[in-house]
Amino acid sequence: MINRFLNNLEEWLIAFLMGSATVVIFLAVLHRYFSGVPYIQDYLVKLNVSWAQELCIFMFVWMAKFGAAYGVRTGIHVGVDIIIRKLEGGKRRALILFGLFAGALFTGIVGTLGANFVWHMAHTDQVSSDLEVPMWIVYMCVPLGSYLMSFRFLQVAYSFFKTNELPHHDHGHVEGLSESDADDILRQGGNVVGARK
Amino acid sequence: MNAMIIFTLLILLMLTGMPISISLGLTVLTFLFTMTNVPIESVALKLFTGIEKFEIMAIPFFILAGNFLTHGGVAKRMIRFATTMIGHWHGGLGLAAVMGCALFAAVSGSSPATVVAIGSVVLPAMVKQGFPPRFGAGIVTTSGALGILIPPSIAMVMYSVSTNTSVGSLFIAGIIPGLMLAILLGLTTWWIARKNNYPRLPKATMSERFTAFRESFWGLALVVVVIGGIYSGKFTPTEAAAVAAVYAFVVAVFIYKDLPLNRLPKVLLDSASMSAMLLYIITNAVLFSFLMTNEGIPQAMGDWMIAQGFGPVTFLIVVNILLLIAGNVMEPSSIILIMAPILFPVAMKLGIDPIHLGIIITVNMEIGMCHPPVGLNLYVASGITKMGITELTIAVWPWLKTMLVFLIVVTYWPGLSTWLPSVLMK
């Protein structure tokens with residue numbers, strides 16, 4: 001139940017951040033471009049969009065932290081697997097579990113360092129330069145994201161221990177491509193042409 | 001001594017198969033906790049500030065743009081255009097695949113994405129035409145690598161981030177070597193096809209060519225938006241990437257209508273997770289290079305090389321061999337982020353142009369993606385063709401040889417990379 005909530009939250013959050021950061025920068029570019037156009041520029045100069053870059057950076061940093069946790073679940077983080085692929089049975093299991101626990105350990109330490117840092121930050125009144133949001137809120141993504149990632153590593157380790165399966169990301173898979181695409185590029189004069197020797 | 005410990009630890013951790021980002025981070029933490037008195041707070045700070053640069057944000061935008069183009073039928077129309085132009089020569093569809101890759105590379109910043117986009121359309125068509133599957137697989141795997149040499153390029157953004165070189169200049173510098181490699185790969189294809197008498201297509205009429213051009217126009221125009229925008233100074237590379245993403249979205253959804261709106265969340269999610277993976281490596285690599293600089297390792301290596309009397313020629317041989325070996329076990333982004341900060345100071349001492357070094361590294365990465373054990377292009381191609389890695393390795397060999405020759409040319413002919421940016425970017 002909580003797990004499903006976390007899954008959805010992760011997915012919606014990072015997809016939303018990706019999309020909206022794109023829109024923000026696009027609008028900022030449009031704004032700058034149209035500020036040079038007579039008539040409308042009078043209205044546009046009143047809008048201040050200098051915060052766009054900063055917002056985009058914050059959004060992507062948040063996306064990076066939570067996306068990294070999502071990536072553990074989907075197995076997108078690549079490693080050097082030349083040894084693991086040669087091993088079999090117990091040794092392979094042990095090495096994979098070692099890797100997963102190392103991941104959980106590292107992200108756990110980073111999360112703690114981050115939490116500590118945010119705690120100190122919260123006692124200062126540092127704000128970001130353009131948006132003027134308190135920096136500790138911005139930096140919250142490090143403890144939150146890292147602890148979530150640590151949890152994901154443990155989760156993957158547990159399911160690997162039980163079922164011997166790892167999440168695997170297939171880079172070669174594209175949805176929505178069909179056979180007809182192959183014919184599409186070969187059509188000439190309305191017909192699919194054959195080869196000539 | 002410290003350098004030895006750091007590298008041994010890093011390599012050991014990597015060999016266990018844990019994600020590269022984690023092994024980088026753990027190396028840094030272990031070293032800091034046990035061997036130095038660098039305050040741990042400065043590390044905590046690096047964890048936040050590592051990716052807080054607007055230049056880095058070009059990476060997620062280019063990935064998003066690439067995904068829209070892949071799903072949006074742009075690749076299909078580009079191949080169709082290429083087919084009408086050169087499909088009647090020896091190699092037919094194979095040659096068109098090379099040109100299609102080069103065109104798609106000019107709008108996409110990633111090699112595997114280029115292989116997926118072009119390969120999944122052109123390979124089934126080639127098999128239908130009676131080409132041996134190996135031939136097509138070899139072409140697409142290697143030509144897809146053009147994705148990171150022809151601008152825009154994620155690999156170049158990585159290099160510029162870790163060495164403070166201008167992304168714009170690097171992009172411009174990639175144009176001539178990129179076109180040259182495309183022509184060389186095309187020649188290899190033509191040669192093999194002529195020798196084996198592979199099928200050719202009937203020559204397209206002028207009106208067919210024009211129709212194909214008009215249909216692919218919206219995709220091709222993106223090249224102008226990105227490169228033209230950066231070159232004329234209208235956008236920064238990051239802004240160009242964001243504009244490209246919006247443009248690609250509009251083309252995929254509203255103009256070509258190949259991407260239904262309900263698939264949008266999936267595309268966003270895939271792009272976000274791919275970007276997050278890369279950004280996570282960057283964060284940890286920044287941490288790692290902070291450790292290296294703090295221990296003075298690049299400087300020590302530079303001094304040692306100069307004391308040995310290494311000139312630029314020897315140094316570049318070492319660089320190439322080192323990168324090709326690294327390409328055997330790691331994927332490009334990690335290699336660039338780990339190696340560039342180490343190699344860069346040495347290269348500067350020896351008087352090598354930063355742009356030239358960037359192009360050399362990029363070409364090395366291209367080669368690394370096309371051969372086992374971790375060539376990402378190979379895995380992608382194997383996913384599309386359902387061929388085993390061993391068979392694919394044999395399949396790519398003729399084109400890989402061409403790429404190795406090209407690497408030597410790029411390494412010892414700096415003008416090839418530096419001339420265009422020196423003329424254009426004053």
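Brief remarks follow.
- From most to least packed by mean Cβ count within 10 Å, the peptides B:320-331, B:105-116, A:56-67 give B:105-116, A:56-67, B:320-331.
- Size descriptor, Kirkwood hydrodynamic radius, that averages inverse alpha-carbon separations across the stretch B:310-426, Å: 15.2 Å
- With K and R counted +1 and D and E -1, the other residues having a Cβ less than 15 Å from that of A:V156 yield a net charge of +2.
- Taken residue by residue and averaged, Cβ atoms of other chains lying within 10 Å of the Cβ of A:69-75 number 4.
- Average partner coverage of B:4-17, which counts Cβ from other chains inside 10 Å: 3
- Shape of chain B from the C-alpha gyration tensor: prolate (a/c of 1.5 or more and a/b above b/c, with a ≥ b ≥ c the square roots of its eigenvalues).
- Extending 7 Å from the Cα toward the beta-carbon at both A:R85 and B:I317 defines two label points whose distance is 3.1 nm.
- Considering helices alone, the calculated mean residue ellipticity of chain B at 222 nm is -25000 deg cm²/dmol, with DSSP H runs of length four and up weighted by -39500 (n - 2.57) and normalised per residue.
- 15 Å cut-off, amide nitrogen to a point 7 angstrom out along A:Y158 Cα→Cβ, residues in the stretch A:1-22: A:1-7
- Charged neighbours of A:H77, selected by a Cβ distance under 13 Å, balance to 0 (K, R count +1; D, E count -1).
- Peptide B:19-29 is shielded by partner chain Cβ atoms: per residue, an average of 6 of them sit within 10 Å of its Cβ.
- Descending by average beta-carbon neighbour count within 10 Å, the peptides B:182-194, B:160-172, B:306-318, B:235-247 line up as B:235-247, B:160-172, B:182-194, B:306-318, the highest first.
- Label-point separation in nm, B:N164 to B:F54, each point 7 Å along Cα→Cβ: 1.8 nm
- Legend: calculated FRET efficiency, A:Q126 to B:A3, from the Cβ-Cβ distance at R0 = 56 Å, rounded to 0.05, equals 0.95.
- Here the Debye sum runs over all C-alpha atoms of the protein assembly as shown as equal scatterers in vacuum, and log10 of I(q)/I(0) at q = 0.05, 0.07, 0.10 Å⁻¹ comes out as -0.22, -0.43, -0.90.
- Cα centroid of the stretch A:136-166 to Cα centroid of the stretch B:174-231, whole Å: 45 Å
- Ellipsoid semi-axes in whole angstrom, largest first, where each is sqrt(5λ) of the Cα gyration tensor of the stretch B:1-57: 22, 17, 9
- Put simply, the stretch A:1-158 fits an ellipsoid with semi-axes of 40, 20, 13 Å; these come from the alpha carbon gyration tensor as the roots of five times its eigenvalues, largest first.
- Inter-label distance, B:K234 to A:N48: 2.9 nm, where each label sits 7 Å from its Cα along the C-beta direction.
- When the charge dipole of the stretch B:1-108 is built from unit charges on Cβ atoms (+1 for Lys and Arg, -1 for Asp and Glu) and taken about the Cα centre, the candidate among B:M14, B:M1, B:T84 whose Cα reaches farthest toward its positive end is B:T84.
- With a Förster radius of 30 Å applied to the beta-carbon distance between B:F213 and A:Y33, the computed FRET efficiency rounds to 0.60.
- Pairs over the 22 Å Cα-Cα cut-off, from the set B:K76/B:K257; B:K128/B:K386; A:K65/B:K266; B:K46/B:K349; B:K203/B:K257; A:K65/B:K234: B:K46/B:K349; B:K203/B:K257; A:K65/B:K234.
We did not get these values from a lab; they are worked out from the coordinates using the rules stated. Being a predicted model, the structure only gives us computed values, none of them experimental. With ideal geometry, Cβ positions are generated from the backbone for all residues, glycine too; neighbour counts draw on all protein chains shown.
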